[in-house]
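Below is one structure; the comments refer to it alone.
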Amino acid sequence: MTIFLKSIQILVGLIASLASTAAVIPFYHSFEETPGWVTGLIFVLFFLFYFGVFQAFIHNSSRVGQFLKRPLVWTFTILFVAFLVVSLQGSMEALEENPWLNLTSVYIVVSITLMIVVLFTLYFLVHHSVELHWKEVSHWKILLYAIPCIAVWLLYLAGFYPGNMSPDSLSHWRQIHTHEFSNWHPVIYTWFMMLLTSVWESPAVVALAQIVILAVIFGYGMFSLERSGLPRKWIWLITILFALSPINGIYSVILWKDVLFNSFVLLFTVLMYNAVASQGSWLRSNWHMVLLGVTVLGISFIRNNGLPIFVVMAVLLFLAYRTYLKKLLITVGAVAIIYFVVTGPLYNYLDVTPADPDETLGIPTQQFARVITEDGQLTSEQENYLNEIMPLKLWKKNYNPYLTDHIKFAKEYHSQVIFDDFPYYLKTWAAVLKNNPGLYFAAYFDETSIIWQMNEPEKGYTNIDAKGIHQPNDYHLKASPLSDSLHEFLLSVNKTTEEHVRGLMWRPAVYTAIIILAGFAAFLKGGLRVWLIPLPVLLNTMTLLLAIPAQDFRYQLANSLVFYLMIAVGFLTFKTKRIDQYE
């Protein structure tokens, strides 16, 4: 390359980087609130990226051209970029203060920037891949990859001893002492805690169990990647990052059912990876089918949206691996029998109080509240009906666009009115929707913001975690860190991530987007079945779109766990022939 062409390449790269930086920052946040070093870093990263794009064009122009001719790539990119634009957009108040930043031009530059980033990320993942090749790996590697996680997370347990507990955690704790069981928070987790505390009556034993379970599941995932040919240096890099993640550290010691549920979602993802990577041969083993059965039971029991995930995945596995239909049918049948026996006769025998069905009506509740608050169109009959559920003035007073708790937990809220005539409730909901579609959609998008929006809304919030033990409580439980200095250090780490990388680390939509992008890259190389790998976590996200009650990160913890595995999957090229050694 001549000096002139190289100079042109650098000049164009500098101009493109400047344009992208000048558009992206006010689009997402603002220059005034963005530290100078962050602005400089973004500019440098854009320049390095564009330099890499130019190099790809210069040295692999024919390959790049062939890749960009694929209609499927463009279809995905356009749809994905549209999602990113909506998800990343901030208030853009800076555009009002800086007239030289035209709104239309910012949208155009941001869209073009994201399109180039997505296209060439896909190109890089597709053309810089590791081809799967099976090799013998000792099962002791599972423990080896788990050890760094256990070591780091034990420090979190020491710093937050005997574990962190919210009111939800204390509800389980009360039940293990009173034996008055409720499925409001799935009772299986209560029994899990009861079993552990029968050995050592301390929250620490539950936190310790969660640490070991999540670490071993992750170790199994890394073992599976090494067995299928991913270089060990990359596996160890993933392991170190996973172990050091503040998310994994703090959540491993919070006594929430969500930690165990999301660990099982990660395990389900690993099992689907093994099935896809082996072209189904992994399903031959009876032990593997038992493991699959235990996994889907865990998902189905521990959280109420787990059952639909199991049902959809079962149907897709039947279709994808008809060769193993008999084994799959036996496994699914056994899981279904166990599930219905436990949730039916056993729950009745132990007098388990059913979950409140009103928990599934969070989004309709928010939509009614939005219509009432905004003085939408309501008939006299509709007003009278909603007033029976709760006085209209309290609907307005208690409405928070991002949280249903202030309504559903109000003492004046009479959910029994709903279930005395549920068909009439649905009829009323549909009738109000017909007259107020805009308010309904606005309420829906606000309530589900945590799922689809990377940029935290200006008036929204993200409930990140629980710290310490909720006070007061009836069991004299209190936080007693084994090391005050360690406790303060871990708190400072957590605070730093909340204040400086909140949008990158603590918004689940970031992980969802990366999972989808890596999944599409793997799909381009391995075919439709590859989507079975991220589907458990994506189905979890889809079910939450129907009934999420609050802006809690914990509901989608699995996205941040599966993210690490999917980064590796994005770099893999899947074989088309069955790998019998997986058996």
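The values are calculated or read from the model by the stated rules, or taken from the named source; none is laboratory data. Remember, it's a predicted structure, so these values are computed and weren't measured experimentally. Here the Cβ positions follow ideal geometry from the backbone for every residue, glycine too, while neighbour counts run over all protein chains shown. Surface accessibility is based on the protein's heavy atoms, side chains included, excluding ligands, DNA and RNA. Shrake-Rupley method; radii C 1.70, N 1.55, O 1.52, S 1.80 Å.
A few comments on the model shown:
- Heavy-atom SASA rank of S17, S61, S171 (probe 1.4 Å, accessible area, largest first): S61, S171, S17
- Nearby aspartates and glutamates by direct alpha-carbon distance to K467 (threshold 19 angstrom, same-chain neighbours under 8 apart not counted): D168, D258, D484, E488, E498, E499, D552
- Against the criterion of solvent-accessible heavy-atom surface with a 1.4 angstrom probe, L271, L439, L482 sort, most first, into L482, L439, L271.
- Pairs of alpha carbons in the range 1-96 whose separation is greater than 16 Å (percent): 68
- Note on E32: accessible area approximately 120 square angstrom, rounded to 10, probe 1.4 Å, nucleic acids and ligands left out.
- Per-residue surface analysis assigns I188 an accessible area of about 40 Å², computed on protein heavy atoms at 1.4 Å probe radius.
- Accessible area per residue in Å² at 1.4 Å probe, computed on the chain: 45
- Inter-label distance, nm, simple model (7 Å from Cα along the C-beta direction), D421/H59: 7.3
- Per atom type, the chain shows carbon and sulfur on 67% of its accessible surface, probed at 1.4 Å.
- For R232, the solvent-accessible surface computed with a 1.4 Å probe is close to 130 Å², ligands and nucleic acids excluded.
- Under 5 Å from the amide H of T573 lie the amide H atoms of V130, E131, L132, each residue being 5 or more positions distant or on a separate chain, with H modelled from the backbone and absent for Pro and chain starts.
- For S182, distant residues with modelled amide H under 5 Å away: T353
- Exposure rank, largest accessible area first [W395, W287; 1.4 Å]: W287, W395
- Residue by residue, the range 352-357 carries 3J(HN,Hα) couplings of 6, 5, x, 5, 5, x Hz when phi is fed to the Karplus relation 6.51 cos²θ - 1.76 cosθ + 1.60 (θ = phi - 60°); x denotes Gly or Pro.
- Rounded, prolate or oblate (a/c below 1.5 giving rounded, otherwise prolate when a/b exceeds b/c) for the range 217-337 by Cα gyration tensor: oblate
- Gyration tensor (alpha-carbon) shape descriptor, the range 158-206, a/c threshold 1.5: oblate
- Amide H contacts for N164 (H built 1.01 Å from N in the peptide plane; partners 5 or more residues away or on another chain; cut-off under 5 Å): I254, L255.
- Over 22 Å apart at the Cα level, from the set K233/K257; K141/K327; K135/K326; K257/K397; K459/K495, are K233/K257; K141/K327; K135/K326; K257/K397.
- V44-I337 pseudo-label distance in nm [points 7 Å out on the Cα-to-Cβ vector]: 6.3
- Euclidean distance between Cα centres, the range 404-444 to the range 289-362, Å: 29
- Stokes-Einstein diffusion of the chain at 4 °C, 1.567 mPa s viscosity, Kirkwood radius from Cα pairs, rounded to a whole number: 49 µm²/s.
- Cα-projected label distance for K6 with K326, points at 7 Å along beta-carbon direction, nm: 6.7
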